[in-house]
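Take a look at the structure set out below.
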Amino acid sequence: MNESKLRVLFVASEAYPLVKTGGLGDVSYSLPNALRGLDIDIRLLLPGYPAILKRLALIEVHENINLYPLKTPVRILAGTMPGEITPVYVIDCPYLYDRDGGPYQDDDGIEWSDNALRFGMLSKVAALFGSHHLLFKPDIVHCNDWQVGLAPAFSSFNTIDTAKTIMSVHNMAYQGIFGPEVIELFGLPPESFSMFGLEYHGKVSFLKAGLFYSDWITTVSPNYAKDIQTTNYGCGLNGLLSEHQHKLTGIVNGIDTNAWNPETDEFINRNYNVDSLLIKVRNSQDLRNKLKLAPSKQSPIIGMITRLTEQKGIDLVVPIIPDLIKEGVQLAILGSGDRKLEKSLQELASLYPKQISVTIGYDEELAHQIEAGANLFLMPSKFEPCGLNQMYSMHYGTLPIVRNTGGLADTVVDATPDNIQNKIATGFIFENEDSEELLTCIKRALRIFNHDKTSWRQLQVTAMNRDFSWEKSAKQYVSLYRQLLN
Ligand code: ADP
Ligand code: GLC
């Protein structure tokens, strides 16, 4: 190892292609890759879920680490990310991680009751890397989301020299709030249970701990960095974030342009690029066939791929479905999550089986096929820290319809007449959480799709030519790492 390289431990609760429930998984894979390309010695630390232990060829590198309050020692295993050179450390602790179900919930969608312990231990091991240099001496411990929020707290209570910590917030809505017994459980100093610490309305907030004790906070778009300092989007922590704005930066996510590239995408039948957009039409036919939608040469297909949660604004879409059907639109929806939302979408699909397809579940292949086959992509989110699908869509010439919030506003340029004329428009933006406004925006998009093929093509070309790769943002992380160490 080159000693002069900057060393970073990137800690997350999920990473594509091992375990992914949303965009955090994508980022945990593609950002470290991009940083390695910039000569950063970055390594991942992940919990030892069964999917990770099965998929990776791992060797034991540390055994018998006794970690209070666990009664049995944990092991650290090491391997490399599939198809990549990024080293990954895995915490092997069957008691915490070896179970069927998802990383955060069981198969019925119920949160694991011992999540405080499961992710408190992930945080503890992360902090241990930073202080005791288990196998690798990171200069920076880069923590992601509430699951790693306690790591900056553990680090800051260490009396010995520890690595700097960064807390990256991918979503303020998930905070990891647990009872006050967590203080004793982890032997945290009682004085930390205060407003100026990790206490939040009489409970312990993992996210607040991360925000409060870290050396720096980042979030995943500049606009969201502003949003979260307001009552509307700060989820109760806006005051803290405003006070700490001197250590808060918004860095927009990039996308993995190898995995998401219509020219080479292995999940789609017909590859295309900006010069062969006619081929995209055949991907639309394939999608209609696969989803059993009515055959058609001109019906626009609107795609949606999403976690089904309140955040994503599904409730704005449901009331306007009959209007969309009247407009001749077909909808290809893929998602899972909230059982009620799943049910209401399925009911719509059974009402209009030839116009609406709803696939409940997680399906990587279909996600790529929808990006390639749809004409428009819908993300009417109530809030959106960054959002990746709107960028995948633009890269595939599938124009996004988004609400003017967070990272959506940072990455999509609205098709106003001026922006079309200046050749900078890449999608369609509406302002308020309002179904009627959404419908008006969709109709605006459909008018161009149906009646102004030249502008439509121009929009597609502009969107596809935009650079959404990680390079620029990864360089911002490198500057931040260096700034922290100076
Ligand atoms: P979030 O992280 O809030 O869910 P993002 O847009 O940042 O939103 O990222 C979502 C990621 O998860 C994208 O890669 C998207 O394709 C993927 N995804 C979400 N739901 C599904 C699903 N049901 N099947 C396949 N991929 C999905
Ligand atoms: C979160 C956000 C999403 C963001 C992703 C990756 O899950 O909801 O907007 O793109 O994290 O940072």
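The values are calculated or read from the model by the stated rules, or taken from the named source; none is laboratory data. This is a predicted model, so every value here is computed, not measured. All Cβ positions, glycine included, derive from the backbone under ideal geometry; neighbour counts span all protein chains shown.
Here's the yes/no breakdown for (1) at pLDDT 95 or above; (2) within 16 Å of ligand 1 (Cβ to nearest atom):
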site	(1), (2)
Val11	yes, no
Leu18	yes, yes
Gly25	yes, yes
Ile40	yes, no
Leu44	yes, no
Ala51	yes, yes
Leu58	no, no
Tyr68	no, no
Thr72	no, no
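Restricting attention to the range 290-321, which residues are out of contact with any Lys or Arg (no Cβ under 8 Å at 6 or more places or on another chain), within 12 Å of ligand 1 (Cβ to nearest atom) and either within 22 Å of Glu365 (Cβ to Cβ) or charged (D, E, K, R) (or both)? Those that are out of contact with any Lys or Arg (no Cβ under 8 Å at 6 or more places or on another chain), within 12 Å of ligand 1 (Cβ to nearest atom) and either within 22 Å of Glu365 (Cβ to Cβ) or charged (D, E, K, R) (or both): Gly303, Met304, Ile305, Arg307, Leu308. Taken as a whole, the structure places Glu199 among residues that are of a type in the set (D, E, K, R) and touching a Ser or Thr at 6+ places or on another chain (Cβ under 9 Å). Within the range 383-398, residues that are more than 15 Å from Ile429 (Cβ to Cβ) have Cβ atoms under 7 Å from residues that are in a helix (DSSP H, G or I) and at pLDDT below 95 in no pair, counting only partners at least 6 apart in sequence or on another chain. Checking Ala51, Ala15, Ala57 one by one, the residue that is touching a Gly at 6+ places or on another chain (Cβ under 7 Å), more than 16 Å from ligand 2 (Cβ to nearest atom) and of a type in the set (A, V, I, L, M) is Ala57 and no other.
Contact map, the range 157-186: residues that are part of a helix (DSSP H, G or I) paired with residues that are buried (at least 21 other Cβ atoms within 10 Å of the Cβ), Cβ distance under 6 Å, separation 6+ or inter-chain. Pairs shown: Val182/Val204. Determine, yes or no, whether Thr219 is crowded, with 17+ Cβ neighbours inside 10 Å and either over 22 Å from Phe157 (Cα atoms) or among the acidic types (Asp, Glu) (or both). Taking the combined requirement at face value, the residue satisfies it. Taken together, Ile448, Ile420 contain a single residue that is among the β-branched types (Val, Ile, Thr), in a helix (DSSP H, G or I) and over 29 Å from Val220 (Cα atoms), which is Ile448. The residue pairs whose first member lies in the range 224-236 and is within 16 Å of ligand 1 (Cβ to nearest atom), whose second member is acidic (Asp, Glu), and whose beta carbons are closer than 7 Å, counting only pairs six or more residues apart or on different chains, are Tyr233/Asp227.
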